[in-house]
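Take a look at the structure below.
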Amino acid sequence: MFIELTDHLRCPADHDESFLVLLPGTMEGRSVRTGELGCPVCGRTFELADGVLDVGVAPAPGSGKGSALDAEGLTALVGRHGPGGYLTLVGPLASLWREVAALNPGVALVAVNPPTDVSDTDGISVVRGGRLPIKSASMRGVVLGRPFADEPHWIREAARVVLPGLRVVGEGKDPSPDLIELLASAEGVWVGARR
Ligand SMILES: [Zn+2]
């Protein structure tokens, strides 16, 4: 995990949003390989192992198959905004991260619940959990792959973490308008913005 990303993490518990305090164990350059993240509000701690943060209740990793989106397509839909910031890829389509990184120089990538063949390494931080343990309004874009884009819980989470005015891309049926402002949709892929 990029050490800078730890500034954008939150405790996944249902109390008011709180940052997490990093107690680093092993570092490799700017990557935290082992350590612990603690919540100052509820006292919970989360382990970082092999660079991966797991905050619990993550769905089982699915296969990387079945996505109509490629790296070019998702980059165009989420929008190019120059270097800087974090782009979050949720689910199996995080397998595309190397191509996404090549198309988005200077953008840090976060894979949430990716397939098991995506490991935390230089260029991508891997997080697992039942929600996005990410602070509200902190990501430059979120891409929800199948099956996450069909679940209201994950759409709500994506809309929460994206920066105002920036986009969430989902692969699935059109989301309900009370979850997200739908900007465009075609052939099972939609683009939305937080309300
Ligand atoms: Zn907490």
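Our summary gives segment 70-110 a relative contact order of 55 percent, counting only alpha carbon pairs under 8 angstrom and 6 or more residues apart. Our summary gives the chain a relative contact order of 17 percent, counting only alpha carbon pairs under 8 angstrom and 6 or more residues apart.
Only beta bridges with both residues in the chain are counted; by DSSP, about 55 percent of them are antiparallel. Using all alpha carbons of segment 1-115, what is the percent of pairwise distances in each 5 Å bin, ordered from the shortest bin to the longest? All Cα pairs, binned at 5 Å, distribute as 2, 11, 18, 20, 19, 16, 10, 4, 0 percent. Relative contact order for segment 98-177: what is it in percent, counting Cα pairs under 8 Å that are at least 6 residues apart? Answer for segment 98-177 is 25 percent.
Loop-resident trypsin sites (Lys or Arg not before Pro) (DSSP state other than H, G, I, E or B) in segment 1-56 with no more than 13 further Cβ atoms inside 10 Å of their Cβ: Arg30. Share of carbon and sulfur in the accessible area of the chain stands at 53%, probe radius 1.4 Å. What the chain shows is 45 Å² of accessible area per residue, with the surface traced by a 1.4 Å probe over protein heavy atoms. Using just its DSSP H runs of length 4 or more, each adding -39500 (n - 2.57), the chain gives a mean residue ellipticity at 222 nm of -3500 deg cm²/dmol after division by all residues.
The values are calculated or read from the model by the stated rules, or taken from the named source; none is laboratory data. All of these numbers come straight from a predicted model, not from anything done at the bench. Quick reminder, even Gly has a Cβ in these numbers, built from the backbone with ideal geometry, and neighbours come from all protein chains shown. All accessible areas refer to the heavy atoms of the entire protein, side chains included, with ligands and DNA or RNA removed. Shrake-Rupley method; radii C 1.70, N 1.55, O 1.52, S 1.80 Å.
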